[in-house]
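Engineer: Quick one: structure below, then a few questions.
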Amino acid sequence: MTTLGVNQHPKKRAFLAAYAKCGIIATACRHAQIDRGTYYLWMEHDDLFAAAAGRAKAEAGDYLEEEALRRATIGHQVVKEIWELGVLVRREVSHQVSDTMLAMMLNGAKPEKYKIRADVTHTGTVVKTVDRAFFEAV
C-alpha cells in the first residue's frame, strides 16, 4: 500500500491503512484509536500525512468503484429460503446484478449521454400571489 511508508507514527499508519480501505474518516479514526480532532490536527500540521491521506482517500475511492462495477456487471448469488409451517421447504438460488448501480456508473462515466434529465413544462395560467396589505391599499 502506497500510504504506509510515509509516516512512522503507528497511529498515523493505522489510520491511513484503515482509511485506504473504507474512505470514512470516523471509521479510520476508530480503527486507529484516535479522536477525529487528532486527524484534523495532523491534516493541518503534517504535510506528509495530509498527502498520504489524500492518496488513501483515492485508494478507497478506487476500491469502491471496483466493487460498484462488480455489483453492476458480475453481481452476486442470492439464496431465498421458502418456509411453510415452520419447516424449510426449499432454497431458491438466483444470481442478481444491480441495474441501478450500472445506471449510476454510466451516468458518472458518460454524463453527456446518460445524464438523468427532467423536462418540465407548464400549461395553464400563472397565478401570482399578492401581499394582502398591498391589495387592500389599491
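Engineer: Using θ = phi - 60° and the Karplus curve 6.51 cos²θ - 1.76 cosθ + 1.60, what whole-Hz ³J(HN,Hα) does each residue of region 15-29 get, with Gly and Pro shown as x?
Structural biologist: Ordered by residue, 3J(HN,Hα) equals 4, 4, 5, 5, 5, 5, 8, 10, x, 10, 4, 4, 5, 5, 4 Hz.
Engineer: In a shell of Cβ-Cβ distance under 11 Å around I34, excluding I34 itself, what net charge do Lys and Arg (+1) and Asp and Glu (-1) give?
Structural biologist: With Lys, Arg at +1 and Asp, Glu at -1, the neighbours total +3.
Engineer: In sequence order, what are the phi-derived ³J(HN,Hα) couplings for region 96-105 according to the Karplus relation 6.51 cos²θ - 1.76 cosθ + 1.60 with θ = phi - 60°, rounded to whole Hz, with x for glycine and proline?
Structural biologist: 10, 10, 9, 5, 5, 5, 4, 5, 5, 5
Engineer: Further, regarding this structure: For region 81-122, which trypsin sites (Lys or Arg not before Pro) are both in a DSSP coil and crowded by at most 13 other Cβ atoms within 10 Å?
Structural biologist: The qualifying sites are K115, R117.
Engineer: Kindly write out, for region 66-82 in residue order, the coupling ³J(HN,Hα) from the Karplus curve 6.51 cos²θ - 1.76 cosθ + 1.60 (θ = phi - 60°), rounded to whole Hz, with x marking Gly and Pro.
Structural biologist: Coupling constants for region 66-82: 4, 5, 4, 4, 4, 5, 6, 10, 8, x, 8, 7, 10, 10, 10, 8, 9 Hz.
Engineer: Run the reach check for K128 against aspartates and glutamates, Cα to Cα strictly under 17 Å, same-chain hits fewer than 8 apart removed. What comes back?
Structural biologist: E136
Engineer: A follow-up question, please. Simple spin-label model, 7 Å along Cα-to-Cβ: L106 to A133 in nm?
Structural biologist: According to this spin-label approximation, the distance is 5.5 nm.
Engineer: Using the Cα centre of region 30-75 as the reference point, and only Cβ charges (+1 on K/R, -1 on D/E), how large is the resulting charge dipole? Debye, rounded to the nearest 20.
Structural biologist: Dipole of region 30-75, to the nearest 20 debye: 220 debye.
Engineer: Still on this model: For the chain, what is the relative contact order in percent, using Cα pairs closer than 8 Å and at least 6 residues apart in sequence?
Structural biologist: Once divided by the residue count of the chain, the mean separation gives 16 percent.
Engineer: Moving on. Rg and Dmax of region 16-136, using alpha carbons, in Å: what are they?
Structural biologist: According to the Cα coordinates of region 16-136, Rg and Dmax are 25.4, 75 Å.
Engineer: Continuing with the same structure: Would you list, by chain and number, the lysines whose Cα falls below 24 Å from the Cα of K12, excluding same-chain residues fewer than 8 positions away?
Structural biologist: Of all the lysines, those that pass the test against K12 - Cα under 24 Å, at least 8 places apart if same chain - are K21, K57.
Engineer: Here's another thing I want to ask about it. When Lys and Arg each count +1 and Asp and Glu each count -1, what net charge do the other residues less than 11 Å away from I25, Cβ to Cβ, add up to?
Structural biologist: So the surrounding residues net to +3.
Engineer: Next up: Want the number for H95 to C22: 0.36 nm per residue separation, take away the alpha-carbon distance, what's left?
Structural biologist: So the extension gain works out to 23.7 nm.
Engineer: For Cα pairs less than 8 Å apart in space and 6+ apart in sequence, what is the mean separation divided by the residue count of region 10-73, i.e. the relative contact order in percent?
Structural biologist: About 36 percent, as a whole number.
Every number here is computed from the coordinates shown, using simple stated rules; none is lab data. Remember, it's a predicted structure, so these values are computed and weren't measured experimentally. Ideal geometry is used to build each Cβ from the backbone, glycine not excepted, and the neighbour counts take in all protein chains shown.
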